[in-house]
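Participant: Mind looking over this structure? Questions follow.
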Amino acid sequence: MITLVKLRICGSLSTACLLIFFLAACSKTPRDTSGNPVVSPVPVKKGEPLARVEQLPRVEVSYGEGDCAPRFANGMRGTCIAGKPCNGFGFKDASGKIQCACFDKVGGCEENTGCSLLRRKCVPMRELERTFPTKSR
């Protein structure tokens with residue numbers, strides 16, 4: 001019995017020593033990267049600030065009401081604006097009335113295209129992302 005206890009203690013000590021040895025051997029050491037050239041598709045210009053990206057204005061998008069929204073072959077659906085199917089979203093016009101449009105394209109997108117919220121224009125259905133606006137209250 002005592003021999004088994006001694007073997008277990010010795011075995012666990014040797015396992016712990018091996019583990020510490022391997023961890024110490026695997027510690028991160030700085031590597032010399034001077035032999036690796038910098039590869040860039042464009043020349044790197046130092047000291048120039050990054051160009052500002054223009055923020056697009058926030059738009060209020062509406063799904064409309066009713067059950068007339070068209071269903072597309074890829075499983076996505078359009079919207080139902082003013083009781084008519086719309087391949088786009090509802091946008092408020094100058095008078096505040098909601099009309100079918102895809103951003104600057106009043107009336108929505110043509111057949112086989114859809115309204116992209118990310119690109120803010122009509123795109124082919126295969127390129128249409130499955131991103132939906134939050135419903136306005």
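Bear in mind that the values in this text are calculations on the coordinates, not laboratory data. These numbers were taken from a predicted model, which means no experiment stands behind them. FYI the Cβ positions are ideal-geometry reconstructions off the backbone, even for glycines, and counts take in every protein chain you see.
Participant: So if the hydrodynamic radius of segment 59-137 is defined as the Kirkwood radius over C-alpha pairs, what does Stokes-Einstein give as its diffusion coefficient at 37 °C and 0.692 mPa s, in µm² per second?
Facilitator: After rounding, the answer is 266 µm²/s.
Participant: Would you work out the relative contact order for segment 59-137, in percent, from Cα pairs under 8 angstrom that are 6 or more residues apart?
Facilitator: In percent, rounded to a whole number, it is 22.
Participant: Related question: Stretch Asp67-Ser14 to full length: gain in nm at 0.36 nm per residue minus the Cα-Cα span?
Facilitator: Extra length from Asp67 to Ser14 when fully extended: 11.8 nm.
Participant: May I ask which residue of Pro85, Ser116, Val106 lies farthest towards the positive end of the charge dipole of segment 59-137, with charges of +1 (Lys, Arg) and -1 (Asp, Glu) on Cβ and the Cα centre as origin?
Facilitator: My answer, from the dipole projection, is Ser116.
Participant: Let me ask something additional. Say R0 is 35 Å: what FRET efficiency, to the nearest 0.05, do Leu50 and Asp104 get from their beta-carbon distance?
Facilitator: Computed FRET efficiency for Leu50 and Asp104 comes out at 0.80.
Participant: Further question: Multiply the residue gap between Ser40 and Arg77 by 0.36 nm, knock off their C-alpha separation, and tell me the result in nm, one decimal place.
Facilitator: The Ser40-Arg77 span can extend by a further 9.1 nm.
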